1. What's the FRET efficiency of Ile144 with Leu274 using the Cβ-Cβ distance as r and R₀ = 25 Å, to the nearest 0.05?
2. Treating the Cα atoms of region 93-225 as identical point scatterers in vacuum, please give the log10 of the normalised Debye intensity I(q)/I(0) at q = 0.20 Å⁻¹, two decimals.
3. Around Asn242, which amide H atoms from residues at least 5 apart in sequence, or from another chain, sit under 5 Å from its own amide H, with H modelled in the peptide plane?
4. Run the simple label-point estimate for Phe224 and Thr178 please: 7 Å along Cα→C-beta, distance reported in nm.
5. From the phi of every residue in region 174-179, what ³J(HN,Hα) in whole Hz does the Karplus formula 6.51 cos²θ - 1.76 cosθ + 1.60 yield, where θ is phi - 60° and glycine or proline is x?
6. Quick one: work out Rg over Rh on the C-alpha atoms of region 14-144, Rh as Kirkwood radius.
7. Obtain the nm distance between the two label points defined at Asp64 and Arg170 by a simple spin-label model: each point lies 7 Å from its Cα along the Cα-to-C-beta direction.
8. Which distance in nm do the two modelled labels at Trp28 and His159 give, with both placed 7 Å along the Cα-to-Cβ direction?
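FYI, it's all coordinate maths here, none of it is from the lab. Predicted model, so just to flag it, every value in this text is computed and none were measured. Here the Cβ positions follow ideal geometry from the backbone for every residue, glycine too, while neighbour counts run over all protein chains shown.
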Amino acid sequence: MDTISAVKLISPALLFLMTLGMGMTMHWQDVHRIVRYPKAISIGAINQAVVLPLVGFAMVLAFDVRPEIAVGVMLLTFCPGGVGSNISTLLARGDVALSVSLTLISGGLIIVTLPLLTNAAMAYFLEQELTRTLPVGETALRLIMMVVAPVALGMLINHRWPRFTAGAERYVKISGFTLLALMIVGVMISEYAAFIEYSRQAGAVVTALCVTTMTIGFCSARLFRLNRSQSISICIETGIQNTLLALVIAGLLDKAYLAIPAIIYVVVSSVLLLVVIAWANLPLARLVSRPAQPPGSPARPRHWRP
């Protein structure tokens, strides 16, 4: 079995499994927050849907990368959020409820935006080399089955059988992350020559993309006077992408090279997340980043508010 066949076979099932695990941590109240607390949600969603692709486009032009790398990087920007962002937000003492709500929104938006933007990116960068595009209707249906349906199923399981969910959710996540790591290692080994060829250019632009978008996410949240936990959540949701979904799309397009920026991104984003998590857990950092309060005012709650 060649690399792209393995990705096409494994990644959709793996995405379903990991998204199901994410859904098993959610509650119906997460959906209500989208309407009840629009300020933080709006800032995060705009960063994911608008700012992230624009920054990605600027980065690939600035670094003057090869067309196939440019499409792979742009594909990453069309796949915001995911399971890893929610877990990372928890470890970084961010607002997990906000992170989950943004994941729900991005999961709904990409059903329409992902196939359209991916086709546009391929048409722009590949031009004469373009031999295949994503069928919009079929891709949207696949995304519903792989992203939206497992989240809804996981929420239903959590609602009906909370005791089962409490015990099984951890194993579902661990299994998903383990299988993802094995698949990435397999792709790297089988596509070693292409990985080495593209890694120098892709590594630089992917690192710049991750650093820039995380910085924009945090600074934009602080600019609109969101609290520390909200700002950390938006920082992570803006900067961390759904790598597994990018691998799925690469498989659907039968283009293994599109997976290489995503694989490099896993390494880069993991290192940056460790830095963010370490900083967020430093007592001095928590003290400095906390908004000033008038004397005698009550302590600010950790959970996000409008």
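1. Working: r = 34 Å, r/R0 = 1.35.
According to the calculation, E is roughly 0.15.
2. With no solvent term, the Cα-only Debye profile gives -1.42.
3. Cys79, Gly81
4. Rounded to a tenth, the inter-label distance reads 4.0 nm.
5. Result, ordered by residue: 4, 4, x, 5, 5, 5 Hz.
6. Numbers: Rg = 16.1 Å, Rh = 16.0 Å.
Result for region 14-144 is an Rg/Rh of 1.01.
7. Taking the two extended label points, one gets 5.3 nm.
8. 0.4 nm
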